[in-house]
Amino acid sequence: MRTALTLLSFAVLVNAAQAQKFSFIPQVGFENSKTIIRYNDLPGFSPAGVVFSPQAVMHFTYKSKPGHGAFLGVASSRTTVPFQFTDPETGMNNYKTISGDMQWRVEGGYQFSSKPVYFKKPGNKTKKPAENKIAQKKPCGSNSYRSYYSKNKIAEARPGANDKIKQGMTRSNKGSWVRWQPSVGLGYIPSVKTDVMQRMQGGQTHYEYRAGNWNTALIAGMGFEFGKNENRLFNVSFNYLKGLGNLDKQYISKTTGTKTLTAQINSEVSGWNMRIGVPFSTRAKKPPVREVQKEQKVQSPKTSCGQYRIMYRCNKIN
């Protein structure tokens, strides 16, 4: 497991070198877990049922341009169920359970982030430029028509400053959005306690088996990040957990006179959690680059004496 965790950390560092965005996400929520015990290969049963526990999480995420990246963080965990009994022969029927201790687990994996999906599509209504009344008229002189046509084209080629401001506001004011963030990874608890303990109390041996005492687990989930315009507001995630490591069979033996009683016991654990948090990005926002449009000097066409005569004659006719 340490080798897998080392490789995962190396992948996170490599991805960080190529990442375009780094953020940390504190989250709070709850986790429901269920531990099943199998005693002497009999059908499994859940001694504590569904265990509800609050949860605190801190995730660090590296996001690249395509929208995917690695994550690494810590989360509180309380999936262990201490199972106590005195007689291995009747332990399946005569037992008691207590609340497990809160532990910290390391979570790491890969996450994909989709493009924003807007709740309301931004309006793309653009006003059609007003047609030049002069251009609609057909002057009687070809030179005057060319003169008015060239002036009309020059005016259309120079958009005003107000049009540029409106276009920038349309890009930034796109409204509220949501993006999907599926993820898959591993969980690891470095400080796993002993599975089986025994102690003497009142001249009798008491046994305790820590059911669901996993050290590695598979974690898969789906997150939803909400935002408005260019701002990320909050995210909500739902994650599934399945214990994998350190859940092997344990053997508990008790000798009474010449008789030795042995109990074979193992467990499995699964659960799900819901988390909500606010993302914080450490990437400095670049100031918007202002495009300076160079005005092209357009030489106005020279008007000859013949053109003035044609224009005078057209105006007189009109």
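Students often get this wrong, so check it: of LYS34/LYS120; LYS65/LYS193; LYS63/LYS249; LYS96/LYS242, which have C-alpha atoms separated by over 31 Å?
Values: LYS34/LYS120 41 Å; LYS65/LYS193 42 Å; LYS63/LYS249 41 Å; LYS96/LYS242 24 Å.
The pairs that break the limit, which is 31 Å between Cα atoms, are LYS34/LYS120; LYS65/LYS193; LYS63/LYS249.
Residue by residue through segment 41-55, which ³J(HN,Hα) values in whole Hz follow from phi under the Karplus form 6.51 cos²θ - 1.76 cosθ + 1.60 (θ = phi - 60°), with glycine and proline marked x?
6, 7, x, x, 9, 10, x, 10, x, 8, 9, 9, 8, x, 9
Just read off the accessible area of LYS63 with the full protein assembly in place, 1.4 Å probe, to the nearest 10 Å².
Roll a 1.4 Å probe over it and LYS63 shows about 60 Å².
What does the net charge come to around LEU233 if you take all other residues with beta carbon closer than 12 Å to its beta carbon, with K and R at +1 and D and E at -1?
Local net charge: +1.
Starting from the coordinates of the alpha-carbon atoms of segment 66-110, obtain the Kirkwood hydrodynamic radius over all distinct pairs and give the value in Å to one decimal. Display every interim value, and only then the final one.
Numbers: mean 1/r = 0.0729 Å⁻¹.
Its Kirkwood hydrodynamic radius stands at 13.7 Å.
The values are calculated or read from the model by the stated rules, or taken from the named source; none is laboratory data. Treat the numbers as computed from the prediction; the structure is a model and nothing was measured. No Cβ is skipped: glycine too gets one built from the backbone with ideal geometry, and neighbour counts run over all protein chains shown. Accessible surface is based on the protein model in full, side chains and every heavy atom, while ligands, DNA and RNA are left aside. Shrake-Rupley method; radii C 1.70, N 1.55, O 1.52, S 1.80 Å.
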